[in-house]
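Student: The structure is given below, and queries will be raised subsequently.
The values are calculated or read from the model by the stated rules, or taken from the named source; none is laboratory data. Because the structure is a prediction, the values reported are computed rather than measured. Don't worry about glycine lacking a Cβ; one is built from the backbone with ideal geometry, like all the others, and counts go over all protein chains shown.
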Amino acid sequence: MTTKIKESRGRKVFNVCNKIILALICLSIIIPIWNVVITSFAKDKDVIGNDYLLIPYSFTLQNYNKILHSGYMNAFKNSLYVAVLGTLLSIFLSVPMGYALSRKDLLGRGFLMKMLTFTLVFDVGIMPFYVVVRSLHLINKMAAIIIPVAMSTFNVIIIKNYMSSIPESLIESARLDGCNDMGILVRIVIPLSVSIIAAVTLFYFVSYWNRYFEVIMFINDSRKYTLQVVLRGLMFEADDALGGQGSYVYSNTKMAVMILGMLPVLIIYPFIQKHFVSGLMIGGVKE
Amino acid sequence: MRQKELSGAIRQPLGVRIKRQKFLLLMVIPGFVWYCIFKYLPMLGLGLAFTDYGFKAKVSFIGFDNFKRLLTSSIFWNAFRNTLVISLANIVFYFPVPLIVALLINELQSFKAKKAIQFLIYIPYFFSWVVVGSIFVNLLSPTSGPINYLIQLLGGEPIYFMASTKYFRSVIVVSYIWRQMGYGAVIYIAALTTIEPQLYEAATIDGAGRWGQLWNITLPSMRPTIVTMLLLNLAHVLMIFEQILVMYNSAVYDVADVLQTYVYREGVLSGDMGYSIAAGMFTSIISLVLVLTTNKLSAKFLEEPIL
């Protein structure tokens, strides 16, 4: 009897501490983001000091209005272009491959799976990759930031795992009805895998949107720069380093560009997060 | 190979099987070609480390000259040391965090609270390194950042963290944890949900307390996930690049320049490609050895090879 009470008291203390720790962790994530958001809506005169931190006391859309009519929009368009085209290519490469790998009788399946998983643990680094892209004459072309990064092993494996769970009997009966593998994929498997394909589409979109070093490595022409590159210049380099604006950029404008840089991710995020958990059961990598 | 022989009770000739699977094989080909060009061709490209590829039109084999140059370069050794220090700090300080956070979240009673926290801590993982770096620049700014505001409030002098050789590595590790913590935690939580509740019931009947359950059931059940995460971590930790490239500046080269950023400056910016491939090879090969060793150890002592 006494031990039970004792333990439940210890348990109570633990629960309180646990909640405090988790709350602190949550705050450590919310506060930096919140600070960016409120600053992006603040007026110039309010952000000159260093006390505009947590409580917003001005609201204006002028910062966003300013960026909408500036060079940043060109970078935004480049990012969007790369992300949309890239995502399409990625899906066209990954979905058929994922399906084929999900078929247990595929010729050379074991070899292909080894080939894919090996890339997860062996990374040759940037230079050999750069040499390959350069010798394909892709430098300074938008294709250089799309094609060489078009596939992600994790995403292929997520698709493969999901499609493996589709009952064999469905596929067999379609085959008996005279469907070939192409027909099975288009008519049976894809309609049953819409949710996972949607999730992978969004992962790919985010990965293209967020790319930075491939862009500065492969693209020299600043008109082709994506938003991440421009944002990095704005936040980390001298204020007038960008397109010779020459004037001091207030932090509220900077934060508005930053919001632009994370906007698609913030919009898409609620839709991907639940799939990611179900999609990436890590055991599936092992095969 | 073994698998094929086992399944081939009534095996058809290869030609027939290829013909029967022609559409399936067609689906694999584009992806297969992509992997050959962009993942495996670069591996062959490592051979260029033994050439003077880069400046001259004609590439010639120069044996170990690049490696000799490396070993005498103080910038290389500085980058090498920084890579090891930052990677070690990442493994020691980052690796346990997602597991601990996952266990803490799992102790919450409310299902809604669990979901909400997972939702929240996973957000930073979807931000680019540029955005994460920018958030930290903003947070740590000596003129308008909250952290320095606090320091001044407590009577201290503002610190320029991003340009301080004393603090920069900590900024790297903390921002790494900030961005990646949720990703790891979500995977561990998924693994936690697959543990059979009966195991805990049985343990309770046997008189195991909370700690006993943690050591005897929870952690052993999660071992495959933990080992897999460790392997993936080891494979990439030494290749740290984009985060540093985004966040460093010439004021902190001494403590922040890692091998991949050194390789980037020598190879891409200066065009000395053979040499920089040689420099990059160090970390690639050390990483591979680390991963294969861990896998061997895991196979031997835990009876579960992950790869």
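Student: Taking the residues in the stretch A:110-123 that are assigned to a helix (DSSP H, G or I), within 24 Å of the chain's Cα centre (by Cα) and not hydrophobic (A, V, I, L, M, F, W, C) as candidates, determine which candidate is farthest from the other protein chains (Cβ to nearest Cβ).
Tutor: Checking each candidate, the answer is A:THR117.
Student: Tell me, which residue of the stretch A:179-189 that is within 29 Å of the chain's Cα centre (by Cα), within 12 Å of chain B (Cβ to nearest Cβ) and surrounded by 15 or more Cβ atoms within 10 Å (Cβ to Cβ) is nearest to A:ALA100 (Cα to Cα)?
Tutor: A:LEU185
Student: Taking the residues in the stretch B:107-140 that are of a type in the set (Gly, Ala, Ser), without any contact (Cβ under 8 Å) to a residue 40 or more places away in the chain and within 8 Å of chain A (Cβ to nearest Cβ) as candidates, determine which candidate is surrounded by the fewest Cβ atoms within 10 Å (Cβ to Cβ). Working first, answer last.
Tutor: As a first pass, look at the stretch B:107-140 and keep what is of a type in the set (Gly, Ala, Ser): B:110, B:113, B:116, B:128, B:133-134.
Those left that are additionally without any contact (Cβ under 8 Å) to a residue 40 or more places away in the chain: B:110, B:113, B:116, B:128, B:134.
If we keep only those that are within 8 Å of chain A (Cβ to nearest Cβ) too, we end up with B:128, B:134.
Numbers: B:SER128: 25, B:SER134: 28.
Selected residue: B:SER128.
Student: Search the stretch B:142-161 for residues that are in the same structural domain as B:TYR248 (by TED's automatic domain parsing) and pair each with any residue that is in a loop (DSSP other than H, G, I, E, B) and of a type in the set (S, T, N, Q) when their beta-carbon atoms are under 6 Å apart and the residues are at least 6 apart or on different chains.
Tutor: B:THR143/A:ASN50; B:SER144/A:ASN50; B:TYR149/A:ASN50
Student: From B:THR293, B:THR283, B:THR261, grab the single residue that is β-branched (Val, Ile, Thr) and under 27 Å from B:SER134 (Cα atoms). It would help to see each step written out before you state the result.
Tutor: Details: B:THR293 fails: under 27 Å from B:SER134 (Cα atoms); B:THR283 fails: under 27 Å from B:SER134 (Cα atoms).
Exactly one of B:THR293, B:THR283, B:THR261 is β-branched (Val, Ile, Thr) and under 27 Å from B:SER134 (Cα atoms), namely B:THR261.
Student: Oh, and also: In the stretch A:1-109, which helices (runs of 4 or more DSSP H) lie fully inside it and hold 2 or more residues that are of a type in the set (Val, Ile, Thr)?
Tutor: On the way: elements: A:2-40, A:62-68, A:72-102.
In the stretch A:1-109, A:2-40, A:72-102 are the helices (runs of 4 or more DSSP H) which contain 2 or more residues that are of a type in the set (Val, Ile, Thr).
Student: Could I ask something else about it? Scan the helices (runs of 4 or more DSSP H) fully inside the stretch B:143-258 and keep the ones with 1 or more residues being touching a Pro at 6+ places or on another chain (Cβ under 9 Å).
Tutor: On the way: elements: B:146-153, B:168-192, B:197-205, B:210-213, B:219-237, B:242-247, B:253-256.
Per the criteria, B:146-153, B:168-192, B:219-237.
Student: Moving on to the next point. Scan the stretch A:124-163 for residues that are surrounded by fewer than 22 Cβ atoms within 10 Å (Cβ to Cβ), more than 12 Å from every other protein chain (Cβ to nearest Cβ) and within 25 Å of A:ARG223 (Cα to Cα) and jot them down.
Tutor: If the condition is that a residue be surrounded by fewer than 22 Cβ atoms within 10 Å (Cβ to Cβ), more than 12 Å from every other protein chain (Cβ to nearest Cβ) and within 25 Å of A:ARG223 (Cα to Cα), then A:HIS137, A:ASN140, A:LYS141, A:MET142, A:ALA143 are the ones that fit.
Student: When the stretch B:34-55 is examined, which residues are found to be outside any helix (DSSP H, G or I) and more than 8 Å from chain A (Cβ to nearest Cβ)?
Tutor: Just the residues of the stretch B:34-55 that are outside any helix (DSSP H, G or I), to begin with: B:51-55.
If the condition is that a residue be outside any helix (DSSP H, G or I) and more than 8 Å from chain A (Cβ to nearest Cβ), then B:THR51, B:ASP52, B:GLY54, B:PHE55 are the ones that fit.
Student: Right, next: Considering A:SER195, A:SER169, which residue is assigned to a helix (DSSP H, G or I), over 24 Å from the mean Cα position of the chain (by Cα), within 28 Å of A:LEU112 (Cβ to Cβ) and hydroxyl-bearing (Ser, Thr, Tyr)?
Tutor: Numbers: A:SER195 fails: over 24 Å from the mean Cα position of the chain (by Cα).
The match here is A:SER169.
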